[in-house]
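Below is one structure, written out as structure tokens, with a few remarks after it.
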Amino acid sequence: MSNSTPATIEDVARIAEVSIATVSRAIHMPEKVAKSTRLKVNQAIAITGYTTNAMARSLRLGRSNMILVVAPDIGDPNFFSILAGLENEARAHGYGVLIGHTQNDAQRGLEYLKFFNSYQAAGLILFTGILPFGHQAATDSLPPSVGVFEPVFNGGIPYVGVDDVEGARKAVDLLISEGHRRIAFIGDSNTRLAYRRRRSGYEAGLAAAGIPLNRQLILDGDGTVESGRLALEQFFMRDDLPTAFMCVNDQTALGVSIGLKARGYDIPDHFSVTGFDDVPQASFMTPSLTTVRQPRTAIGKHAMALLLDMLSDRAASETEILLRPDLVVRNSVGPPPARR
């Protein structure tokens, strides 16, 4: 194809030796096209450099084929893996993705809803764990919406994420199996449902092992590196130390690890530390972090599939889809010093 002339769907059909309608189905409804035919169409697309433009198609059809993804922090290590799953599933069905970065500003979340008023977006994926400002008591006025990564605290919209209770239970069971009985939980929260669920898994693990719950070992946190470091300092100020730190996420675990090393302690010789998420830096920390892995790409795929069902006027098949987490055992966990 000429570099100055954009490829057309007709070019793709000609090279693939199929009809234009078949090319369109292969792009927008691949599940309805034979695998061999999809392969020929994809090869023709690669040869011609043909690209679909979801926004332009939306304008032609008088309806939007764009999905708005609203996230509080696109720098979160979990964001891009989930986004990949979202975008791949959307693209396979002829939809595009818009990203709204709120920077933890509720007003920005409200402003992004203008995309729906102007028909620039058809559905909403929420990473924020909270409905946009002004919709807390008006879920019915929202477009079709699905929450991911963080259950929506104040809204009754479908959610796709990891089983936080099971993941936390796996982490605490590992620590108990190593001989730990004084296990701190860092990251308790009254507003973040994922964190509350992880605490529930922690408590369930202790109860199953017959270990009494010690509320002095549970500290609040907002999931940041600094919150982990500050929680550690609280324990040292009390002079009432656990032997292991079960952290609500990997960032918190990083803060705890930094604080322990600054005080001259070794992990796991003196203390054991676990995280949750398995962000990329977890395997590069020293020592590498034992953590709970979220199937992030799969979460994105399932969330988008659920939203697309809703956009097809089908009721949400499930109000909550929880994928199973995996415990990733690395080098930050060992027996307490007394057991060595």
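The values are calculated or read from the model by the stated rules, or taken from the named source; none is laboratory data. Please read these numbers as outputs of a predicted model, since none were measured by experiment. So basically every Cβ, Gly included, is an ideal-geometry build from the backbone, and we count neighbours across all protein chains shown. Ligands, DNA and RNA are stripped out before the accessible areas are found, and what is left, the full protein with its side chains, is counted by its heavy atoms. Shrake-Rupley method; radii C 1.70, N 1.55, O 1.52, S 1.80 Å.
For region 146-188, which positions are farther than 22 Å from Ile125 by Cβ, in a loop (DSSP other than H, G, I, E, B) and not basic (Lys, Arg)? Selection gives Glu178, Gly179, His180. Inspect region 283-296 for any residue being without any contact (Cβ under 8 Å) to a residue 12 or more places away in the chain and open to solvent by 40 Å² or more (accessible area, probe 1.4 Å) and give the result as yes or no. Yes. Taking the criterion of being touching an Asp or Glu at 6+ places or on another chain (Cβ under 9 Å) and at pLDDT 85 or above, the only residue of region 1-22 that qualifies is Ile20. Scanning region 189-205 for residues that are assigned to a helix (DSSP H, G or I) and in contact (Cβ under 8 Å) with a residue 60 or more places away in the chain yields a total of 3. Of all the listed residues (Gly179, Gly264, Gly223), the sole one being at pLDDT 95 or above and touching a Ser or Thr at 6+ places or on another chain (Cβ under 9 Å) is Gly179.
Rundown of residues vs (1) open to solvent by less than 10 Å² (accessible area, probe 1.4 Å); (2) assigned to a loop (DSSP other than H, G, I, E, B); (3) among the aliphatic types (A, V, I, L, M), yes/no style:
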| site | (1), (2), (3) |
| --- | --- |
| Ala207 | no, no, yes |
| Gly210 | no, yes, no |
| Gln216 | no, no, no |
| Arg229 | no, no, no |
| Glu233 | no, no, no |
| Phe245 | yes, no, no |
| Asp269 | no, yes, no |
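Step by step: first the residues of region 311-340, then only those that are of a type in the set (A, V, I, L, M, F, W, C) and at pLDDT 90 or above, then the one that is most open to solvent (accessible area, probe 1.4 Å). Which residue is that? Among those that are of a type in the set (A, V, I, L, M, F, W, C) and at pLDDT 90 or above, it is Val329. On the stretch given as region 189-207, residues that are among the hydrophobic types (A, V, I, L, M, F, W, C) and within 13 Å of Leu175 (Cα to Cα) total 1. Entry remark, region 70-107: residues being open to solvent by 50 Å² or more (accessible area, probe 1.4 Å) and either among the hydroxyl-bearing types (Ser, Thr, Tyr) or in a loop (DSSP other than H, G, I, E, B) (or both) number 7 in total. Looking only at region 247-267, residues that are over 23 Å from the mean Cα position of the chain (by Cα), open to solvent by 40 Å² or more (accessible area, probe 1.4 Å) and touching a residue at least 12 places away in the same chain (Cβ under 8 Å) come to 2 in all.
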